[in-house]
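Here is the structure we will look at.
Here, each number is a calculation from the coordinates, and none is a lab measurement. In this text, all values refer to a predicted model and were calculated from it rather than measured experimentally. No Cβ is skipped: glycine too gets one built from the backbone with ideal geometry, and neighbour counts run over all protein chains shown.
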There are 6 protein chains.
Amino acid sequence: MQRPSGRNFDQLRDIRLTRHYTKHAEGSVLVEFGETRVICTASVDSGVPRFLRGEGRGWITAEYGMLPRSTGSRMNREAARGKQGGRTVEIQRLIGRSLRAAVDLEALGENTVTIDCDVIQADGGTRTAAITGACVALADALGQMQRDKLVPADPLKTLIASVSVGLYEGQPVLDLDYLEDSNAQTDMNIVMAENGAIVEIQGTAEADPFSEAEFAAMFGLAKQGIVELNRLQREALA
Amino acid sequence: MQRPSGRNFDQLRDIRLTRHYTKHAEGSVLVEFGETRVICTASVDSGVPRFLRGEGRGWITAEYGMLPRSTGSRMNREAARGKQGGRTVEIQRLIGRSLRAAVDLEALGENTVTIDCDVIQADGGTRTAAITGACVALADALGQMQRDKLVPADPLKTLIASVSVGLYEGQPVLDLDYLEDSNAQTDMNIVMAENGAIVEIQGTAEADPFSEAEFAAMFGLAKQGIVELNRLQREALA
Amino acid sequence: MQRPSGRNFDQLRDIRLTRHYTKHAEGSVLVEFGETRVICTASVDSGVPRFLRGEGRGWITAEYGMLPRSTGSRMNREAARGKQGGRTVEIQRLIGRSLRAAVDLEALGENTVTIDCDVIQADGGTRTAAITGACVALADALGQMQRDKLVPADPLKTLIASVSVGLYEGQPVLDLDYLEDSNAQTDMNIVMAENGAIVEIQGTAEADPFSEAEFAAMFGLAKQGIVELNRLQREALA
Amino acid sequence: MQRPSGRNFDQLRDIRLTRHYTKHAEGSVLVEFGETRVICTASVDSGVPRFLRGEGRGWITAEYGMLPRSTGSRMNREAARGKQGGRTVEIQRLIGRSLRAAVDLEALGENTVTIDCDVIQADGGTRTAAITGACVALADALGQMQRDKLVPADPLKTLIASVSVGLYEGQPVLDLDYLEDSNAQTDMNIVMAENGAIVEIQGTAEADPFSEAEFAAMFGLAKQGIVELNRLQREALA
Amino acid sequence: MQRPSGRNFDQLRDIRLTRHYTKHAEGSVLVEFGETRVICTASVDSGVPRFLRGEGRGWITAEYGMLPRSTGSRMNREAARGKQGGRTVEIQRLIGRSLRAAVDLEALGENTVTIDCDVIQADGGTRTAAITGACVALADALGQMQRDKLVPADPLKTLIASVSVGLYEGQPVLDLDYLEDSNAQTDMNIVMAENGAIVEIQGTAEADPFSEAEFAAMFGLAKQGIVELNRLQREALA
Amino acid sequence: MQRPSGRNFDQLRDIRLTRHYTKHAEGSVLVEFGETRVICTASVDSGVPRFLRGEGRGWITAEYGMLPRSTGSRMNREAARGKQGGRTVEIQRLIGRSLRAAVDLEALGENTVTIDCDVIQADGGTRTAAITGACVALADALGQMQRDKLVPADPLKTLIASVSVGLYEGQPVLDLDYLEDSNAQTDMNIVMAENGAIVEIQGTAEADPFSEAEFAAMFGLAKQGIVELNRLQREALA
């Protein structure tokens, strides 16, 4: 089997994490998974949503968007249509849940960090890139909170990263680009912590259900990819 | 460990599938997972959404809702608020994707089946009950299409069913009710076909990431539960 | 004249009122007028809307919805369309106004009861069934409030019930089903209290205005039907 | 009993109907019921809504609005809030239904007349003024259609008019202004044709149900008021 | 060059300002620029928007709308469509900004004046008529506030008025009506204070950019028109 | 007078125009006016909006947005709020109008170019940067259309550019950054063609009206700035 991208089945795309990409946000990272480029910012606010008030815990929430022409043909602008699409909602909920698992919400105090992930160029894997980049932006924002004495210690429990795996022509492959993803039989996104623990698994049979053995093979690839992504995150944060 | 429900760790709630629950829909099932009750209807229309026209294939789509007082405290009515919440959107996308994997869309022709899952009483596991019940409603609707000569053969490739598993006080348990779910560390929903192949896996660490071993234990429980659910679906359809 | 339903001109459909239909709401009734089935719940909240604060009076409000496939052909889901239709708004305002006339709002104190009427199967007369069933759910909720010491005495002043009357082939008939309603020249919905006093009259000439004599004949039928409905409500509440 | 307005119990306010009030619409009437002032326009379009296409019949529809400061304290602008309120929806449906009963829709052919009723000053009875004025605007628009040879004969079957009646300090009174309406126990709006046939009755007990005898007294007053309104409509159209 | 309206190039239409046009608002003016007719009301509320609270300053804001049949062919009602169009938003922002420049917001105290401009008949120049009329309504409302002792002195710093100028067949012309505006190459709206100072300039090349000399000629005409409008405003307020 | 930025009164910020910034759009430019950074894409579609069909002319339209954290404090995401704000609507209409004046719409044929301007970092002057950058993206897209034989000749009539001018401490200054803009008495945005003709002028007195002499001084500065911007556009396109 030859991947359209020419990569080995277990090879990530070129990954780049550029910190301090914009100047206003407490954390701001441009993440690139090959030609997929996402701006991730982390914004700190005091206070928490109503359902958490007085609990002494903080909150992490996320929003996701794509520039209308980040894709091959122009999509409608969600702000002009007046609502976010189902895919957008699903992705931003995934990002928020994943990052909450990385943070000690008690240690965060009654503060909220809002993650914004905006795709400026899409080539497959925007949600995994977003999670991986957003975690670095979050780390920066939490660092800033410590320097500003808003929290006494670092609320970050672990880095998390995310990668996609799929079955392409029956073979498990790591980190699918758009062309590979469009032709894959299965699409799985995995979010893991640095110690190999699982934060989220979302696997979807595009047309035909897949077997436990295929699942295991894909899962193994993902683990390996995430180890590499965690290494790149640590390097960027150094 | 003692489950709040008093069930064994690997025990489903009482499951009931009542076909022909309402009279207008081509398929109409009341599904009960213990005290969780969901009305699932399958409605047949000729034609497909714009993006599929002329492809010779059909489409399955799903919508999900909860009656405002299906829950312990009244929720706002989404129709009155003017938008569906993120959780609703996420669930109805899951139901639609799962059922599409059960059907040979070519064999369906350019027809659409719309699944509606409306929760009239919620006690945990509404999405897994909805998928399990909706598959029976879908089977009925596809049967009706055959009798009406709208399709030459049955487009249903397999039954699918869904169940939740979680870690409760560190132990894997099957089919969590609301009380158990609220206190679980992990929440996983699995959709499988009759041959044990995986249609969807969605696992979420509520606060702390979980290990591969825990994942494997939960997955094993889910498989066993789905075998039983498939048996009950076949029985109902007999 | 022969009614499509085969009933006498002054004959109600089979009426069933099932209390405690769902478990969470303070009042929960399944009402059936023949094949029309509506779930009516009454939910109690402390506090009142802003325009009533500090007045020492309570409030009753109502919302109405139809499951998308409660009807012969599937309707769009209002939550997905992002707004309630004009008919929905008109009906829920009617339900709310009618029930407020049944309650001593001073005696209710600064509490709100929200009525939800959700049609799970429609066969004509959903609004009259909804009002008749909702009044029983409301009675249950107010009873619960007394047991919970939220109100010192029962705020319910009277039961109210509602029925439709129409002119079918020039003849007044009681409690029209869908087939009759579709072919009626006039459609009138009447809400009355147990003592025969009028709560709401809404009469509409579908195409041709109707005479006072026709009005009087229809009104007489409605009175008789409501006496029977009040009897069935009392029986259910016994 | 002394009415706040000083009028006799059976006395209409000063009624004025000014035709050709604005220049663009096929029919345009300023209607004044005392200090209540409503601009009613009737706009002709070829074609009918989708559900009527190919049936050979026309359609009459209506929209209603209030200028934000037509009332004592400024209301929010519905266009800015992004939705029409329940009262607006209810009123515009009433106006549309009432006017459809006045027209032979077959004779109208596949044309639509859209009625717009915009309240520029409100002092009670805006819906009855709107219906009464809109019927004159409609008559003008249908006359224009005849002159333009869009219809072979006048589709107007009858003039219709509308008036409110209520119980004020236990006494039936005709055509309530704002002050009277705010203090009335009952509010009834009646729409009738020139021959005394009933087009719509909408009676609402504000707090206490009312008796048949009270209904009859109010109805009698309304009939008398509508005879006078029809006379003024004919005078205006002469 | 002959203008379609037959007016001289530097001639305003007949301008009429009718104060106290409706009874509820603190200021209410019907402004007519020829056949363009706009109802302008100014409504006083205590308090200011959130972003100004505690600053000791007041606020002026404006909303604009057109009756659906104020125009040659019926426009959709914005309240029914569920949103205000881009042109509406642009115009109401212009009106609000312009009037804020006429008022000493400190002297207004923490009060808000809301301007509503509703076009009942459109024939070009609705925004300039609206500003010119709204300033008179605002003056009346501020006068009322003084009489009510809500402000110690008149917060109005200057009258402002607005007029359009354009290039019609290459010639600058003043105060374009609809026919002229539809055929103009350039459309400029100017708002000025009584002392000739500029409040707003908005000039738009419809198709071809215009020269500085053309700009200067148009600007000169506008100044002259605004002197006349200010005179008419003073006359109306006398 | 010393500008906060330290620039001379007639000095632009560092301007950068980076073509081919993203890969999918027919034209894609990152424009930087100092720290203001905007991604401008131009997307080509065949066909025109309904109101232009069959006229043989093309259309240019624009949409504008800001990433939520492009600003000092996070703004709400318009897609999540469900509507575009008034400022957004005003700016995108300005961008669209300005670019239409740069293009021969007949020569464009029945094609639409959609401009998207998304601000990734805001520091004042986002609309002028957007217009200046979008014109370069548009030139690229029109060039691509020629290479693709979609148009026989270049529909671009002229480059246009835009800059802001204002009065800062009574002095006219060019190209205000955020700090300067927040403290300016007047804010004017000017769009001009290469030959010095005016495309749009929008001048707003923030609090106090400004004189003709001040206007003339600002206008002169703007002209000079636009000559420089046109030079940089030509350089980028070379």
**Asked** Going by how many other Cβ atoms sit within 10 Å of their own, how do A:Ile131, D:Ile198 line up, fewest first?
**Response** D:Ile198, A:Ile131
**Message:** With the label 7 angstrom out along Cα to Cβ, how close does D:Gln144 come to the same site in each of the other copies, in nm, nearest first?
**Reply:** 3.4, 4.8, 4.8, 5.6, 6.0
**Message:** Can you tell me which lysines have their Cα less than 19 Å from the Cα of E:Lys83? Leave out same-chain residues fewer than eight positions away.
**Reply:** A:Lys83, B:Lys83, C:Lys83, D:Lys83, F:Lys83
**Request:** Only Cα pairs under 8 Å and at least 6 apart count here; give the relative contact order of chain D as a rounded whole percent.
**Result:** 22 percent
**Asked** On a 0 to 90 degree scale, rounded to 10, what angle separates helix E:212-237 from the longest Cα axis of chain E?
**Response** 50 degrees
**Request:** Mind telling me which of D:Leu30, D:Leu179, D:Leu138 comes out most flexible in a GNM of chain D, alpha-carbon contacts under 10 Å?
**Result:** D:Leu179
**Prompt:** Per the helix-only calculation at 222 nm, which mean residue ellipticity applies to chain E, given -39500 (n - 2.57) for every DSSP H run of n ≥ 4 and division by its residues, nearest 500 deg cm²/dmol?
**Reply:** -10000 deg cm²/dmol
**Request:** Specify the residue with the greatest mean-square fluctuation among E:Asp140, E:Asp116, E:Asp148, computed from a Gaussian network of chain E linking alpha-carbon atoms under 10 Å apart.
**Result:** E:Asp148
**Request:** Among B:Asp14, F:Asp45, C:Asp187, C:Asp175, rank each residue by its count of other Cβ atoms within 10 Å, from fewest to most, as a rough exposure measure.
**Result:** B:Asp14, F:Asp45, C:Asp187, C:Asp175
**Request:** Mind pulling the angle between the C-alpha long axis of helix B:126-147 and the longest principal axis of chain B? Nearest 10 degrees, somewhere in 0 to 90.
**Result:** 20 degrees
**Prompt:** For the residue pair B:Asp14 and A:Asp148, what label-to-label distance in nm results when each label sits 7 Å from Cα along the Cα-to-beta-carbon direction?
**Reply:** 5.6 nm
**Item:** Residue with peak Gaussian network fluctuation, chain D [Cα springs, cutoff 10 Å], from D:Ala184, D:Ala213, D:Ala122
**Value:** D:Ala213
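Among C:Ser46, F:Ser5, C:Ser28, which comes first, then next, by fewest other beta-carbon atoms within 10 Å? Let's see the in-between values first.
Values: C:Ser46 10, F:Ser5 18, C:Ser28 26.
Least to most surrounded, the residues fall as C:Ser46, F:Ser5, C:Ser28.
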**Debye log10 I(q)/I(0) for segment E:150-235, one point scatterer per Cα, at q = 0.12, 0.13, 0.24 Å⁻¹** = -0.39, -0.44, -1.13
**Request:** Would you mind computing the Rg to Rh ratio of the protein assembly as shown from its alpha-carbon coordinates, Kirkwood style for Rh?
**Result:** 0.97
**Request:** Once the label point is placed 7 Å from Cα along Cβ, list for A:Glu235 the distances to the corresponding points in the other copies, in nm, shortest first.
**Result:** 3.6, 5.7, 8.0, 8.1, 9.2
**Asked** Can you list, shortest first and in nm, the gaps between the label point of D:Gly86 and those of its counterparts in the other copies, using a point 7 Å from Cα in the C-beta direction?
**Response** 1.8, 3.0, 3.0, 3.0, 3.7
**Distance cut-off 32 Å, percentage of C-alpha pairs in chain C lying past it** = 19 percent
**Item:** Cβ nearest the rotation axis (B onto D), residue from chain B and distance to the nearest whole Å
**Value:** B:Gly82, 5
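Which longest uninterrupted range of chain F lacks any trypsin sites (Lys or Arg not before Pro) assigned by DSSP to a loop state (not H, G, I, E or B) and surrounded by at most 14 other Cβ atoms within 10 Å? List each step's numbers first, then the result.
Numbers: sites that count: F:Lys23, F:Arg53, F:Lys149.
With trypsin sites (Lys or Arg not before Pro) excluded where exposed in loops, chain F gives F:54-148 as its longest stretch.
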**Message:** Please report the antiparallel percentage of DSSP beta bridges with both residues in the protein assembly as shown, rounded to the nearest 5.
**Reply:** 85 percent
**Fill in**
With T = 20 °C, eta = 1.002 mPa s and Kirkwood Rh from C-alpha pairs, the Stokes-Einstein D of segment F:123-176 in µm²/s is about 163 µm²/s
**Item:** segment E:15-237: antiparallel DSSP beta bridges as a percent of all, rounded to 5
**Value:** 85 percent
**Sequence-distant lysines (8 or more away, or on other chains) whose Cα lies within less than 30 Å of A:Lys157** = A:Lys23, A:Lys149, A:Lys223
**Request:** Report the one residue of C:Val163, C:Gly143, C:Ala217 whose Cα lies farthest in the direction of the positive end of the charge dipole of segment C:140-238 (charges on C-beta: Lys and Arg +1, Asp and Glu -1; origin at the Cα centre).
**Result:** C:Gly143
**Prompt:** How far is helix C:86-100 tilted, in degrees, relative to the longest principal axis of the Cα atoms in chain C, given as a value from 0 to 90 rounded to the nearest 10?
**Reply:** 60 degrees
**Item:** Share of alpha-carbon pairs per 5 Å distance bin for segment F:1-102, given as whole %
**Value:** 2, 9, 12, 18, 20, 17, 11, 6, 3, 1, 1, 0
